[in-house]
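One structure is given below, encoded as structure tokens.
The values are calculated or read from the model by the stated rules, or taken from the named source; none is laboratory data. Fair warning: this is a prediction, and the values are worked out from it, not measured in the lab. Using ideal geometry, Cβ is built from the backbone for each residue, glycine included, and neighbour counts are taken over all protein chains shown. Surface accessibility is based on the protein's heavy atoms, side chains included, excluding ligands, DNA and RNA. Shrake-Rupley method; radii C 1.70, N 1.55, O 1.52, S 1.80 Å.
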Amino acid sequence: MTEVFGSAGQQQLEYRAHALFELLKDDPLYACHGRAVAVNGRRGETVQRQIRLARVQGVGPGDCVPEDEVAERVATLEAAGLAIDRYAHWRGEAEAIAAARAVLRDRSLPGDLTVTRVTPDTPVEDLRDLDQFAQDCEVLLPSGPFLRGVARPASVLFARDGAGQIVTMAASVAQFHPDSPEGRTVWWGMLATRPDRRGEGLSLWLGAQALVDMADRGYTGFQTGIRAGNTPSERLCTRLGLGPLNAQDIIAIDPASFGEGRLTK
């Protein structure tokens, strides 16, 4: 069975999404980092595919929709009876890699923290702990094959304190087909820190490490979505050399099959 995470509804979404990924993974038009299969939103004709993804999975993400096409795309999705969630599309390339390397060079984690990388051999119990931590932070983990780097190359990191409690996490996953025009771009994010440890730069350091891990494997682009008004995320991403594009990530949600309201924080 595929390892899935989050609430009951989110688990069902990830289960459906992984089955769909197995069908579509060889088509460069689609992408997935372990939550839901997404369609290339840069191409306006993909809106009907996005609707079908929402019908099948419960959500249908459209990646990097140009700003001047957002209104028309949203109107089409809403006319199909779908709810809409959206994020500003942020991206970094060489400047992000340089900024992340500088963070790792100039900073370090507090001495009480131990970093763990998720691998194919990571115990299930560790992922259960990570899932609980993620849910507490209102973040949805990707499904197991993506967390473990089996479905696509990935860097998933978390740190525990001296009491064995997880206090921070970060991740980056190669969500695109290698033959896609975006084949050397990865999804990056899943940044979260326990409230009592915020302000120590933990997400900055761990996020930088996840980014550098993928840069060292030859990936050159790093993208993430930031919800409007999330100033802390904007500041952190800016420090790591990412910036907003004139585009949005548009998530179409089918209320009949996914009642969560939104995919993740």
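Here are some notes:
- Filtering the stretch 41-62 to residues that are modelled with pLDDT under 95 and either touching a strand residue (DSSP E or B) at 6+ places or on another chain (Cβ under 7 Å) or of a type in the set (S, T, Y) (or both) leaves G41, R42, T46.
- Residue match in the stretch 223-233 (condition: buried (at least 23 other Cβ atoms within 10 Å of the Cβ), within 14 Å of V103 (Cβ to Cβ) and touching a residue at least 24 places away in the same chain (Cβ under 8 Å)): no
- Test: G149 is farther than 28 Å from E182 by Cα, open to solvent by 10 Å² or more (accessible area, probe 1.4 Å) and either of a type outside the set (V, I, T) or part of a loop (DSSP other than H, G, I, E, B) (or both): no
- Hits in the stretch 237-261 - residues which are within 17 Å of the chain's Cα centre (by Cα), over 27 Å from V56 (Cβ atoms) and open to solvent by less than 30 Å² (accessible area, probe 1.4 Å): C237, L240, L242, G243
- The strands (runs of 3 or more DSSP E) found wholly in the stretch 27-129 and carrying at least 2 residues that are of a type in the set (A, V, I, L, M) and under 22 Å from A252 (Cα atoms) occupy 37-40, 59-66, 83-92.
- Tally, over the stretch 206-220, of residues that are crowded, with 20+ Cβ neighbours inside 10 Å and more than 18 Å from L157 (Cβ to Cβ): 0
- Summed over the stretch 181-198, the residues that are open to solvent by less than 10 Å² (accessible area, probe 1.4 Å) and not in a strand (DSSP E or B) give a count of 1.
- Options R73, R35: the member that is of a type in the set (D, E, K, R), in contact with an Asp or Glu (Cβ under 7 Å, 6 or more places away or on another chain), buried (at least 21 other Cβ atoms within 10 Å of the Cβ) and under 28 Å from P244 (Cβ atoms): R35
- Residues located in the stretch 17-26, provided they are assigned to a helix (DSSP H, G or I), in contact with a strand residue (DSSP E or B) (Cβ under 9 Å, 6 or more places away or on another chain) and not hydrophobic (A, V, I, L, M, F, W, C): H18
- Candidate set: the stretch 109-125, residues that are open to solvent by less than 50 Å² (accessible area, probe 1.4 Å) and touching a strand residue (DSSP E or B) at 6+ places or on another chain (Cβ under 7 Å); chosen: the one farthest from G201 (Cα to Cα): V118
- Options G164, G201; residue that is surrounded by fewer than 18 Cβ atoms within 10 Å (Cβ to Cβ), more than 15 Å from the chain's Cα centre (by Cα) and farther than 21 Å from A31 by Cβ: G164
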